[in-house]
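The values are calculated or read from the model by the stated rules, or taken from the named source; none is laboratory data. Just so you know, these numbers come straight off a predicted model, no measurement behind them. Quick reminder, even Gly has a Cβ in these numbers, built from the backbone with ideal geometry, and neighbours come from all protein chains shown.
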Amino acid sequence: MRLRSLLFTTAVTTVLYVTSAASAARLCNVQHAADQETAAHAKRSIPILDRSLRVNKEFEALMGSRKWKEGVPMVDQMSAEEASKFGELAQAQKAALFAALIESRRERDIRVIARMTRLADQVYRYGFELPKDEKSEEALLLGIVLSAEEAIPEKDRPAPMEDSQFDGKCTLEVALLLAAGDVIHEVTSMPGYEEWLSKVKVYGQYVKSDPDASRLSVAEREYLEKTFKPTSRVIMNGFWYANTLLRLALVESTSKVMADALRADQYESPADMSYSGTNWKRWVGEGRISPAQNRASGIVNFINEKIPSDFMKN
C-alpha cells in the first residue's frame, strides 16, 4: 500500500509539474517577452543617463567657474588643471553617449524583431499584402521577413522549443522558439496532415514544379487539385511561419550578443569608438559566437543602418 501511495503521489506531482511548466510557457509570448526586455533595458539606461547628467553639470560648473575672453580659444585660456579636468569630462561624456547608443540600439532591435514577428503572423494568417507606401519602415521590415529564408540558411536555424523544455525564464528569444514549436504542433496536428504526409512521395512533385499529370488517373488528378494541393499550401505556409520564427530567434540572440560585445568594448576602452568590434572578433575566434550568429549579424547591421535608434533620432 505504501509503495502504491508513493507511486500515485509521484505520478500526480509529475502531472502537476508538467501542467505548470506548460501553463508558464503559454504566458511566455512574444509581446510579453518584448515588453519585459524593453523595460529591463530602460532600467539599464537610467544609470547611464544619470552619469551623463552628472558630467554635463560638471561641464557647466567648469565653464561657469570664471569669465572667458572673447575671441580667444578656451583651451588657450585654461590652466593645466582646468585642461586636464576638461579632457576627463570630455572622455566621460563620450563614454556615456556611447553606452546610451548601445542600449538604444538594443531597445530598437527588440522593438523591430517584435514587429517582424507580427508581420510574419499576418502573412501566415491572411496572406502577403504589400504596404501602400513601398518605402515605409513597414515595407522594409516585411522585406526582411520574406527574405529571411534566403538570408539565413536552414542549417543556421535553431531548434524549436517545447513547453517541457521551458525553464521559466521568458526572454524574447525563448518566446520565439516556443511560438515556433506551437505552430509546428498546430500544423502536424491538423486534420489531414497524416494523410498528406503519406501522399507526399506520390503527389509532392506536382505541387512545386507542376509537371505533366497526364499519367495520373482521373481520380488521382481530382484528388491532387481538390485535396492535396490546398492541403499542401496550408501546411507549407505553416512550416514557413515556424521557420521564420526560428530565424527571428537567431536574429534576436545575435542582437543580444552584439550588444554584449559592444559593452565589453566600452568597458575595456571607454569612449574609443575605433575599438568597437574588437570583442566580437575575439569571441568569434574563441567560439563564443556561433558561425550562424556571425552570419546573422549582417541582418542586425542592416537594421541598424536602415532604422536609426531613438538615440540617433534625438
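Observations on the structure shown:
- Taking the conditions (1) surrounded by fewer than 16 Cβ atoms within 10 Å (Cβ to Cβ); (2) without any contact (Cβ under 8 Å) to a residue 40 or more places away in the chain; (3) assigned to a helix (DSSP H, G or I); (4) of a type outside the set (Phe, Trp, Tyr) in turn, Ala42 satisfies each one other than (2).
- Subset of the range 296-312 that is surrounded by fewer than 16 Cβ atoms within 10 Å (Cβ to Cβ) and of a type outside the set (S, T, N, Q) - its residue that is modelled with the lowest pLDDT: Met312
- The range 79-96 residues that are under 22 Å from Arg51 (Cβ atoms), paired with ones that are of a type in the set (S, T, N, Q) and assigned to a helix (DSSP H, G or I) (beta carbon under 6 Å, 6 or more apart): Ala96/Ser52
- Residue check, Leu216 out of contact with any Asp or Glu (no Cβ under 6 Å at 6 or more places or on another chain) and not in a loop (DSSP other than H, G, I, E, B): no
- Top-ranked residue in the range 88-120 [being closer than 18 Å to Val300 by Cα and polar (S, T, N, Q); ranked as surrounded by the fewest Cβ atoms within 10 Å (Cβ to Cβ)]: Ser104
- Residue ID - farthest from Tyr126 (Cα to Cα), chosen from residues in the range 228-279 that are without any contact (Cβ under 8 Å) to a residue 24 or more places away in the chain and polar (S, T, N, Q): Ser269
- In the set (1) more than 20 Å from Val123 (Cβ to Cβ); (2) touching a residue at least 60 places away in the same chain (Cβ under 8 Å), the condition left unmet by Val183 is number (1).
- Exactly one residue among Ala264, Ala249 is surrounded by 15 or more Cβ atoms within 10 Å (Cβ to Cβ) and either within 16 Å of the chain's Cα centre (by Cα) or not in a helix (DSSP H, G or I) (or both), and that residue is Ala249.
- Pairing residues of the range 135-157 that are in contact (Cβ under 8 Å) with a residue 24 or more places away in the chain with residues that are in a helix (DSSP H, G or I) and loosely packed, with under 14 Cβ neighbours inside 10 Å, at Cβ distances under 7 Å and at least 6 apart in sequence or on separate chains, gives Leu140/Lys306.
- Once the range 277-292 is narrowed to residues that are within 22 Å of the chain's Cα centre (by Cα) and buried (at least 16 other Cβ atoms within 10 Å of the Cβ), the residue that is nearest to Asn304 (Cα to Cα) is Trp280.
- Counted residues, the range 228-263 - those being over 15 Å from Ala292 (Cβ atoms) and of a type in the set (Asp, Glu): 1
- Residue in the range 171-213 that is nearest to the chain's Cα centre (by Cα), counting only those that are in a helix (DSSP H, G or I), exposed (fewer than 15 other Cβ atoms within 10 Å of the Cβ) and acidic (Asp, Glu): Glu186
- Pair list, Cβ under 8 Å, 6 or more apart: the range 191-204 residue at positive phi, other residue surrounded by 13 or more Cβ atoms within 10 Å (Cβ to Cβ) and not small (Gly, Ala, Ser): Gly192/Thr227; Gly192/Thr231
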